[in-house]
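Have a look at the structure below before the remarks.
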Amino acid sequence: MDDFQTAEELTFVVDDVSNIVKESIENTIGGASYTHNKVNQWNSNVVEQCLNQLTKLNKPFKYIVTCVIMQKNGAGLHTASSCYWDSNTDGSCTIRWENKTMYCIVSVFGLAI
């Protein structure tokens, strides 16, 4: 790594990632109502937009992005993840977004190269 890079350039900044995820969800789903036929495309668009914006940060990271879109119907959803990494540089961020008809849960994992 370059000795002139600052600590922020080499770490996973949750606030930056969170903003990217929220913007990607809003741009893709916005005020739409849950439509079963559109969920696959929405999922793909959210993940692709997140990855495109994350790579524009030009940080030395590999990214993993997951997206779950679920209709609001009273069903439960429980998830968990565990990572073995360098907590000084690597990180994760999970955003739960919702409107009147659906939930969108996006997780981003950033692994320093």
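The values are calculated or read from the model by the stated rules, or taken from the named source; none is laboratory data. Computed from a predicted structure; not experimentally measured. Here the Cβ is made from the backbone with ideal geometry for all residues, glycine too, and neighbour counts use every protein chain on show. Remember, those area values only see protein heavy atoms, side chains included, never the ligands or the DNA or RNA. Shrake-Rupley method; radii C 1.70, N 1.55, O 1.52, S 1.80 Å.
Tabulated data
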quantity: Cα-centred dipole magnitude for region 1-104, charges only on beta-carbon of K, R (+1) and D, E (-1), debye, nearest 20; calculated: 720 debye
quantity: Cα long-axis angle, helix 39-56 against the chain (0 to 90 degrees, to the nearest 10); calculated: 20 degrees
quantity: Surface per residue (accessible, 1.4 Å probe) for region 59-108, Å²; calculated: 65 Å²
quantity: Fraction of accessible area attributable to carbon and sulfur, the chain (%, probe 1.4 Å); calculated: 47 percent
quantity: The chain: relative contact order as a whole-number percent, Cα under 8 Å and 6+ apart; calculated: 36 percent
quantity: In degrees, nearest ten, helix 14-28 long axis to first principal axis of the chain (Cα); calculated: 30 degrees
quantity: Where only C-alpha atoms are counted, convex hull volume of the chain per residue in Å³; calculated: 97 Å³
quantity: Counted charge near LYS72, where neighbours are those whose Cβ lies closer than 11 Å (Asp, Glu -1; Lys, Arg +1); calculated: 0
